[in-house]
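Q: I'd like to ask some things about the structure below.
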Amino acid sequence: MTMLRIGLTGSIGVGKSFVARVLAELGCHVLDADQVARAVVAPGSAGLSAVVVAFGEGVLQKDGTLDRQQLSSLIFADQSKRQLINSILHPYIIALQDEQLREWEALDSEGIAVVDAALMIESGGFKRFDKLIVVHCRPEVQIGRLMARNNLTREEAQKRIDAQMPQEAKQKFADYLIDTSEGFDSARSRTVEVYEELRRVNTHENTI
């Protein structure tokens, strides 16, 4: 018996976290990207030490924790710094994800595990999964959500969107697409459809 491993990804502001919550409600084991990102730069961690070596003490708050806002402003303005932070943290992130997957598999070998990560395609990390779900929405919806959620101007929101791989490019890697443009009810229905399909795939693979 093997656990079905699913990658969940999508660009900023497309509703990926909502889809992750629905999958968790349906019974999937879901590993949240933000939770992992925080864990790998926790005080005293090797990840945080590596970030400080690369970016200096200025990315720390007075209490020694990472100043995420300061780091974000540095990396969103500079592609080379974005690439640097990703190259530093991705090995720690992938190691932590894999550790959690092994724990889940030991407990529930016939279950479905979902790892939610924004840069899964860019890092190549998606290749470790059996199937890939890509969440997307119309560009106008994405920019509106991002402006409202992060209190950004249109220009600031667009800059953050432009710093990522285009949505259309991500969709080409997907086994399943979930469009959240029409709101929560529609997105929930499509997520349930995808979940039912994953259960069929999992049952088939575990009975071969």
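The numbers here are math on the coordinates, done by the rules we state, and not lab data. Since we're looking at a predicted model, the values are computed, not measured. Neighbour counts run over all protein chains shown; Cβ positions are idealised from the backbone, glycine included.
Q: Contour minus end-to-end for Ser49 and Val192, with contour as 0.36 nm per residue of separation and end-to-end as the Cα-Cα distance?
A: Details: separation 143, 0.36 × 143 = 51.48 nm, distance 4.11 nm.
Separation in residues times 0.36 nm, less the Cα-Cα distance, equals 47.4 nm.
Q: Another question, then. Which net charge results when you count Lys and Arg as +1 and Asp and Glu as -1 among the other residues whose beta-carbon is under 13 Å from that of Gly183? Before the final figure, lay out each step's value.
A: On the way: positive: Arg138, Arg145, Arg188, Arg190; negative: Asp179, Glu182, Asp185.
Overall, the nearby charge balance is +1.
Q: For the chain, state the average projected area of the convex hull of the C-alpha atoms over all orientations, rounded to one decimal in nm².
A: Details: hull surface 48.3 nm².
The number I arrive at for the chain is 12.1 nm².
Q: Given only helices, namely DSSP H runs of n ≥ 4 each adding -39500 (n - 2.57), what is the per-residue ellipticity at 222 nm of the chain, to the nearest 500 deg cm²/dmol?
A: Details: 10 runs with 117 residues, N = 208.
That calculation yields -17500 deg cm²/dmol at 222 nm.
Q: Could you give the size of the charge dipole of the range 4-202 about its Cα centre, using +1 on the Cβ of each K and R and -1 on the Cβ of each D and E, expressed in debye and rounded to the nearest 20?
A: With only Lys, Arg, Asp and Glu charged at Cβ, the dipole is about 380 debye.
Q: If you don't mind, another one. On a 20 Å Cα-Cα criterion, which of the cross-link pairs Lys131/Lys159; Lys131/Lys172; Lys127/Lys172 come out too long?
A: Details: Lys131/Lys159 30 Å; Lys131/Lys172 13 Å; Lys127/Lys172 14 Å.
Table pairs above 20 Å Cα-Cα are Lys131/Lys159.
Q: In whole Å, what is the distance between the alpha-carbon centres of the range 101-130 and the range 9-25?
A: 15
Q: Okay, moving on. Sequence neighbours fewer than 8 away in the same chain don't count; with that in mind, list the lysines whose C-alpha is under 27 Å from Lys62.
A: Hits, sequence-local ones excluded: Lys81.
Q: Quick one: angle between helix 46-55 and the longest Cα principal axis of the chain, in degrees between 0 and 90, rounded to 10, please.
A: Approximately 40 degrees, to the nearest 10.
Q: Build a GNM of the chain with springs between Cα atoms under 10 Å: which of Ala42, Ala169, Ala187 gets the top mean-square fluctuation?
A: Highest fluctuation among the options: Ala169.
Q: Tilt of helix 16-25 relative to the longest C-alpha principal axis of the chain, in degrees (0 to 90, nearest 10)?
A: Value to nearest ten degrees: 40.
Q: Still on this structure: Would you work out which of Ala20, Thr180, Ala157 lies farthest towards the positive end of the dipole of the range 4-202? Charges go on Cβ: Lys and Arg +1, Asp and Glu -1.
A: Sorting the options by dipole projection puts first Ala157.
Q: Now a separate question. Counting only residues 5 or more places away or on other chains, whose amide H sits under 5 Å from the amide H of Leu60 once H atoms are built in the peptide plane?
A: Asp67
Q: Sticking with this one: Can you tell me what share of the DSSP beta bridges in the chain is antiparallel? A percent to the nearest 5 is fine.
A: Details: 1 of 18 bridges.
Antiparallel bridges make up about 5 percent of those DSSP assigns within the chain.
Q: Still on this model: Between Lys159 and Ala77, 0.36 nm times their residue separation minus their Cα-Cα distance comes to what? Walk me through the intermediate numbers first.
A: Working: separation 82, 0.36 × 82 = 29.52 nm, distance 0.86 nm.
Additional length available on full extension: 28.7 nm.
Q: Output the 0 to 90 degree angle, nearest 10, between the alpha-carbon long axis of helix 184-205 and the longest principal axis computed from the alpha carbons of the chain.
A: 60
Q: Apply the Karplus parameterisation 6.51 cos²θ - 1.76 cosθ + 1.60, with θ equal to phi minus 60°, to every residue of the range 141-152 and state each ³J(HN,Hα) to the nearest whole Hz, in sequence, with x for glycine and proline.
A: My calculation for the range 141-152 gives 5, 4, 5, x, 5, 5, 4, 5, 5, 9, 6, 10 Hz in order.
Q: If you average the sequence gap of Cα pairs under 8 Å that are 6 or more apart and divide by the length of the chain, what percent do you get for the contact order?
A: 37
Q: Another question, then. Do you know the relative contact order of the range 66-179, to the nearest whole percent, from alpha carbon pairs under 8 angstrom that are 6+ apart? Please report the intermediate quantities before stating the final value.
A: Working: 59 pairs, mean separation 33.0, N = 114.
Worked out over the range 66-179, it gives 29 percent.
Q: Enumerate the aspartates and glutamates that Lys16 could reach by cross-link, defined here as Cα to Cα under 15 Å, with residues fewer than 8 away along the same chain left out.
A: Lys16 reaches Glu25, Asp32, Asp34, Asp116, Asp179, Glu182, Asp185.
Q: A follow-up question, please. For Ile178, enumerate residues with amide H under 5 Å from its amide H, sequence gap 5+ or separate chain, H modeled in the peptide plane.
A: Placed amide hydrogens put Val134, Val135, His136 under 5 Å from Ile178.
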